[in-house]
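Shown next, in structure tokens, is the structure this report addresses.
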2 protein chains.
Amino acid sequence: MARLGRLRSSFSALRADALLVSHLPNIRYLCGFSGSTGLLLVEGSTATLFTDSRYTFQAKEEVSVARIHIAKHGLLRAVGERLRSLRGRARVGYSATSVTVAQKTALDAAVGGRVRWVGDGSVVEKLRSVKDSQELARMREAADVISQVFRRTLDSIRPGVSELALASRIESGIKQLGGEGQSFETIVASGPRSAWAHGRPTSKLLRKRELVVLDQGAILRGYCSDMTRTVFLGRATDRVRGLYGAVLEAQQAAKAAIRPGVAAGEVDRAARQVLKRAHLDRYFTHSTGHGLGLEVHEMPRIGRSEATILQEGMVLTVEPGVYIEGLGGIRIEDDVVVTAKGAVDLTTAPREFLEL
Amino acid sequence: MARLGRLRSSFSALRADALLVSHLPNIRYLCGFSGSTGLLLVEGSTATLFTDSRYTFQAKEEVSVARIHIAKHGLLRAVGERLRSLRGRARVGYSATSVTVAQKTALDAAVGGRVRWVGDGSVVEKLRSVKDSQELARMREAADVISQVFRRTLDSIRPGVSELALASRIESGIKQLGGEGQSFETIVASGPRSAWAHGRPTSKLLRKRELVVLDQGAILRGYCSDMTRTVFLGRATDRVRGLYGAVLEAQQAAKAAIRPGVAAGEVDRAARQVLKRAHLDRYFTHSTGHGLGLEVHEMPRIGRSEATILQEGMVLTVEPGVYIEGLGGIRIEDDVVVTAKGAVDLTTAPREFLEL
């Protein structure tokens, strides 16, 4: 499979004989397995998926590019036995960011000193950050679904409806349009609660003259979308309208900064500068965006001093926001793909200020 | 707060001066914070929640038993600075099962050798395994919600409906009844797919003469329920009816084995023996159950050789199942609380064999 091949070509940079893949989205990306328990050992010419007996049938159906090993006495032990059987003292790459200290201790015991562990340098995450055409097609679908869901939800955003009821409407809309589920817990936060950048929906009812932040995403054939819109119930004050305009302008500036060859940090700075000119930068308390794919947060991060160079085929969120205690929050978020000509929007729901 | 007090009384057994809590459900349990980024440092007479600026308002609203520290340059660095300021070389407990190797490396760098790390022996998880009365009330509600949702869904389980549509119905039912969301991705697996113990719902339509496994859970005020029912579409063969009877009998045997003072392994063996007598034990490919609470899987595990002694106030799932390739799977799962008189069911949806 092409992805395993691309991964193997990074073995030499790691000076590794094999790579132990433990992060589940990485496993799914490389071999198709979508179960909740697995380890993938990629060697020079073979790959083996270790999982447990709950996944016997599913692994057979999903995985063709790797052998399947159903571990009877724990995955780490089975992997250890395999690694001990390699010739000499193999150098094996592993992910220090997904293996816990306890798992590493168990792995060390299982291999009995026969392995030299090396950091994997996030090689799989880096491969995943540039999407192939099959992935882009799925991400376009996931973005389409969430854009449609939002349009259909607009009628329901009115005083007297609870945040939870709106979240439920969004989530059932995703399923109706063929999504497997939501890519994260839907955020619906109204009034002062909208200043919580990550407010869970509650039984609070929407009221007139409130901001409402809706942050939602669909999963389609494994791939995530992630889109935020902020609306106002009734006629907004000039202050609120001004804030919205500044956030939208910051988003446009960030999108305009996106092109292959640019550092991620430049995109963040483009958004931050607009808000700084409006004296709002201190209310912009998070980074401008993040990569998106099989996971809702993946490489690259679009933060202040991020050096990662953008490449064609990366998919990013662009989501500046301001959060003012007492007044509320405003965030506008789209998913874009990096093309030779710059950022192209995948999410398409209306971005203009909506007073409902 | 009582929970922090109970935790501190375990410091002496750990011979620790402080405990760094990193697992988010543990943090929520101890101080109420429900955000997605946080570290809680519990010392002899103070506790400090470290989080980032996205959670400034939320932390203020949720947390009263700990000081709040909004970290500007990363949580690990802020915690490291605090630990370096302790007198002498402090012994600090941490969780090797939730801290990754990379986080541990960063922590080590941040404390600059001024700390002796000791394993925390899962002290918080152990505290959490025995529920207090507030927790039991919430878990009863979460179990009620999922039982009601299943009853309301029964009418929709019929040929021609897709697995995804059924899952969506279940999930919106949870929200309608006031749940914050589902405690895991709802499983609806029909026909041969029901033999996948953890089958994600697909666009496959339900057909006559198929088994349908529905595994679903609600979250209510943070607490999870988890319930599985298996139904048949049309009239089942004697074989299928016999299999269902055996699984139900196994579940009853496991429930009957539950009482304070019994080892968890005995409960597992009670279920397994029934299936063994019916020559079905090789199709029972997972353990009999698990603890349930703020997480859908927590202590204790109800597995074959589990030595944990059951205590009054523990909440467990009891979920034997058989999975036969080609034919399908049958699982029956309830949530029970351990009382002085034995297991008391929290989930109440019908358990008899339903031919719809």
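Centroid-to-centroid, using Cα positions, region B:47-118 and region A:45-71 are 39 Å apart. Here, region B:5-64 yields an orientationally averaged convex hull projection of 3.9 nm² when only Cα atoms define the hull. Percent of C-alpha pairs per 10 Å bin in region B:108-151, short distances first: 21, 23, 22, 16, 13, 4.
In region A:286-326, the ratio of gyration radius to Kirkwood radius, Rg to Rh, stands at 1.05 when only Cα atoms are counted. Compared with the rule-of-thumb size 2.2 N^0.38 Å for a compact globular protein, region B:246-356 has a Cα radius of gyration ratio of 1.02. Region A:124-184 and region B:262-338 have their alpha-carbon centroids 36 Å apart.
For region B:104-189, the Stokes-Einstein estimate of translational diffusion at 37 °C and a viscosity of 0.692 mPa s comes to 196 µm²/s, using the Kirkwood hydrodynamic radius over alpha-carbon pairs. For region B:2-128, the direction-averaged projected area of the alpha-carbon convex hull comes to 7.0 nm².
For region A:33-98, the mean projected area of the C-alpha convex hull, equal to one quarter of the hull surface, is 4.9 nm². Around residue B:69, which amide H atoms from residues at least 5 apart in sequence, or from another chain, sit under 5 Å from its own amide H, with H modelled in the peptide plane? The answer is B:49, B:50, B:51. Could you grab the Rg to Rh ratio for region A:177-288? Cα atoms only, Kirkwood for Rh. Taking Rg over the Kirkwood Rh, I get 1.01. Translational diffusion of the protein assembly as shown was estimated from the Stokes-Einstein equation, with Rh taken as the Kirkwood radius over Cα pairs; at 20 °C and 1.002 mPa s the coefficient is 80 µm²/s.
At q = 0.08, 0.09, 0.17 Å⁻¹, what log₁₀ I(q)/I(0) does region B:130-355 have when each alpha carbon counts as one equal point scatterer in the Debye sum? For the requested q values the scattering log ratios are -0.26, -0.33, -1.18. In order along region A:231-239, phi translates into HN-Hα couplings of 10, 10, 9, x, 8, 7, 6, 4, 4 Hz, rounded to whole numbers, per the Karplus curve 6.51 cos²θ - 1.76 cosθ + 1.60 with θ = phi - 60° and x for Gly and Pro.
A simple count of charges around residue A:339, restricted to other residues whose Cβ falls under 13 Å of its Cβ and scoring Lys, Arg +1 and Asp, Glu -1, yields +3. Summing charges over all other residues whose Cβ lies under 9 Å from the Cβ of residue B:236, with Lys and Arg as +1 and Asp and Glu as -1, gives +2. Which net charge results for the neighbourhood of residue B:58, defined as the other residues with beta-carbon distances under 10 angstrom from its beta-carbon, given Lys and Arg at +1 and Asp and Glu at -1? That works out to +2. Chain A versus the axis that turns it onto chain B: the residue with the nearest Cβ and the distance in whole Å amount to A:172, 2.
Students often forget the sequence filter, so: which aspartates and glutamates lie under 14 Å Cα-Cα from residue B:341 once same-chain residues fewer than 8 apart are removed? Excluding near neighbours in sequence, the set is B:312. Over the residues of the protein assembly as shown, the helix contribution to mean residue ellipticity at 222 nm works out to -10500 deg cm²/dmol, using -39500 (n - 2.57) for each DSSP H run of at least 4. Size estimate for region A:60-111 follows the Kirkwood approach: the inverse of mean 1/r over distinct Cα pairs works out to 12.6 Å. Take residue B:352, push a point 7 Å out from Cα through the beta-carbon direction, and compare it with the same point in every other copy: 6.1 nm, smallest first. In order along region B:31-40, phi translates into HN-Hα couplings of 10, x, 6, 10, x, 9, 9, x, 9, 10 Hz, rounded to whole numbers, per the Karplus curve 6.51 cos²θ - 1.76 cosθ + 1.60 with θ = phi - 60° and x for Gly and Pro.
Can you spot the aspartates and glutamates whose alpha carbon is less than 17 Å from residue A:208's alpha carbon? Ignore those fewer than 8 places along the same chain. Cα-Cα hits under 17 Å: A:155, A:163, A:238, A:355. Per-residue extension of 0.36 nm, minus the Cα-Cα distance of residue B:325 and residue B:134, leaves a gain of 64.5 nm for this segment.
Taken together, the values in this text are just the output of simple stated rules run on the coordinates, not laboratory data. Worth saying up front: this structure is predicted, and the values here are computed from it rather than measured. Note that we place each Cβ from the backbone using ideal geometry, even for glycine, and neighbour counts take in every protein chain shown.
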